[in-house]
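Rule-based calculations on the coordinates, nothing more; no lab input. From a predicted model like this one, the values you see are computed outputs, not experimental measurements. Neighbour counts are summed over all protein chains in view; Cβ atoms, including those assigned to glycine, are modelled from backbone coordinates with ideal geometry.
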Amino acid sequence: MTERLYYADPYRLEFDATIRRVERTDGRTLVVLDRTAFYPTSGGQPFDTGALGALRVVDVFDEDDGTVVHVLGDDPAGGPAPEPGQDVRGAIDWHRRFDHMQQHSGQHVLSAAFDRLFAARTVSFHLGAASSTIDLDRELSREDIAAAEAEANRVVWENHPVTIRFVSAGEAVALPLRKETAREGTLRLIDMDGFDLSACGGTHVASTGSIGVIAIGAVERFKGGQRVEFVCGGRAVNRFRSMRETLGSAVRLLSVLPHEVPDGIERLQTETRERQRSLTALEQELAGYRAADLAANAEATAAGKAVLAAVDKDANGLKSLASSIVSRPGYVVVLVSTSRPAVVVAARSQDVSIAANQVIAGLIARFGGRGGGRPELAQAGNLDASAEAILETARSLIAPST
């Protein structure tokens, strides 16, 4: 079992240790020390990074027996590999460590606020790279969530001490822990001056003021309760900076004041919908003229008046145009996109006997692709041929030579 120096002093950034074991597994170097200040991934909190001697520590994890394993990167200088019995100096990346301390401590305060104000229990916690989440066992209103956020920040700004103490499992039973624990043996407790008392192996700040601020982001329903996203300290500053830049861009683009941005966006959405309706009406009118022109130049065949044409439209545009043509009696239509692979639409008027889906099936058999439909209207896509070749084959399918 590895002695965990961060248990007693999470602010310790350098330490000396002796290598107990070295392994090479899947191209990675795994090192076990007699003591470490590196935090391994556990309890929703990610691992620390840093260095052991000249080598980078890129991952840290627990083994079942309580041993902490350090995963090392390759030595860019090509130095000697670490060996058992060797003394080594470890150094923790402070920026990552302190960020995790702020987020994890903030989670304790926020979870305690939800519990104290609304008896909403935290069932899980995840510390992510950009934000963190807690899952509550029931849903709360927006007003309740805002109240818990305000209460949590009150505790942060009052700068309560955060202390670490160790008790036996038997002693813990008599203590007001926020969440019961099934762990045996000696328990490590994080005490936030009576506001929250929890068994936890993570790294935490020395006083709540070091959390800085707790800001709740997105809230969504999750497994009968709610998932609450939040950021603390430096992450909250980064989030504010990003939002400030986004809002500033919106203000410039909309030519409005910051508080007028929502109304400005709503106005743009309304104008866009109106323009889209006008555009759709114009496209339909143009399609009608285009359909009339194609119908007027149809080929006379034994199957009916055939419209065979390549048109610069997508599948929806081709279907709309074909449907407009076959609204007239006596027509069979095959329209091909000008793009390649090609999209093909076939349609017929109600008084025409040839089946559009059979024409499409013949084209797929000849040129590949996938599709189908009804006798009245069918389509296919991904045909690997030129529009000219497809239309020539369609002509033979509609009016085969005798």
request  = Would you mind counting up the charge near Phe222? Only other residues with Cβ under 15 Å from its Cβ, with Lys and Arg at +1 and Asp and Glu at -1.
outcome  = 0
key: Reachable aspartates and glutamates from Lys223, criterion Cα separation under 15 angstrom, eight or more residues apart if same chain   = Asp135, Asp137, Glu139
ask   = Across 10 Å bins from the origin, how do the percents of Cα pairs in the range 55-167 run, short distances first?
value = 10, 29, 28, 18, 10, 4
query = Ratio of the range 282-398's C-alpha Rg to 2.2 N^0.38 Å, to two decimals?
reply = 0.93
remark   = The distance between the Cα centres of the range 54-76 and the range 205-240, in whole Å, is 29 Å
message = Whole percent per 20 Å bin, from 0 to the bin with the longest distance: what is P(r) over all C-alpha pairs of the chain?
response = 21, 28, 22, 24, 5
task = Indicate the helices, whole DSSP H runs only, in the chain that combine a mean Kyte-Doolittle hydropathy of -0.5 or more with a Cα extent along their long axis of 24 angstrom or more.
result = 233-254
ask   = By count of other Cβ within 10 Å, fewest leading, how are Tyr7, Tyr39, Tyr331 ordered?
value = Tyr7, Tyr331, Tyr39
request  = Please list, or write none, the lysines whose alpha carbon is within less than 24 Å of the alpha carbon of Lys319, excluding same-chain residues fewer than 8 places away.
outcome  = Lys305
inquiry  = I need the phi-derived Karplus couplings for the range 30-38: 6.51 cos²θ - 1.76 cosθ + 1.60, θ = phi - 60°, integer Hz, Gly and Pro marked x.
reply    = 10, 10, 10, 10, 6, 8, 7, 9, 7
note = Packing-ranked peptide list from 307-320, 133-146, 193-206, highest mean Cβ count within 10 angstrom first, is 193-206, 307-320, 133-146
task = Return the distance in nm (one decimal) between the two label points of a simple spin-label model at Ile265 and Glu143, each offset 7 Å from Cα along Cα→Cβ.
result = 2.5 nm
request  = Express in % the proportion of alpha carbon pairs of the range 97-241 at distances exceeding 25 Å.
outcome  = 23 percent
message = Which of Val231, Val58, Val352 ends up with the largest GNM mean-square fluctuation for the chain, with Cα atoms connected below 10 Å?
response = Val352
message = So if I place +1 on the C-beta of Lys and Arg and -1 on the C-beta of Asp and Glu, and nothing else carries charge, what would the dipole magnitude of the chain be about its Cα centre? I want it in debye, nearest 20.
response = 1340 debye
Loop-located GluC sites (Glu not before Pro) in the range 1-82, at most 16 other Cβ atoms within 10 Å (DSSP) = Glu63
ask   = Using the Cβ atoms and a cut-off under 15 Å, what net charge is assigned to the surroundings of Val32, where Lys and Arg are +1 and Asp and Glu are -1?
value = -4
remark   = Expressed in Å to one decimal, the Kirkwood Rh of the range 38-83 from all distinct alpha-carbon pairs is 11.4 Å
key: Paired Rg and Dmax values of the range 3-92, which use every Cα atom, in angstrom   = 12.2, 36
request  = Mind giving me the FRET efficiency for Trp94 and Glu388? R0 is 60 Å, r the Cβ-Cβ distance, nearest 0.05 is fine.
outcome  = 0.30
note = Under the 7 Å Cα-to-Cβ spin-label approximation, Ala310 and Ala130 lie apart by a distance in nanometres of 4.4 nm
message = Suppose we keep just the alpha-carbon trace of the range 190-347; what are its Rg and Dmax in angstrom?
response = 30.3, 93
remark   = Note to self: C-alpha centroids of the range 1-45 and the range 344-378 sit apart, in Å, by 68 Å
remark   = proj_area_mean for the range 116-184 (convex hull on C-alpha atoms), units nm², value 6.6 nm²
inquiry  = Connecting C-alpha atoms closer than 10 Å in a GNM of the chain, tell me which of Ala119, Ala81, Ala91 has the biggest fluctuation.
reply    = Ala81
inquiry  = If I take every Cα pair under 8 Å that is 6 or more residues apart in the chain, average their sequence separation and divide by the length, what percent do I get for the relative contact order?
reply    = 10 percent
note = With +1 at each Lys and Arg Cβ and -1 at each Asp and Glu Cβ, the charge dipole magnitude of the range 97-241 around its Cα centre, to the nearest 20 debye, comes out at 360 debye
task = Treat each spin label as a single point 7 Å out from the Cα along the C-beta direction, and report the Ser327 to Gln350 distance in nm.
result = 1.4 nm
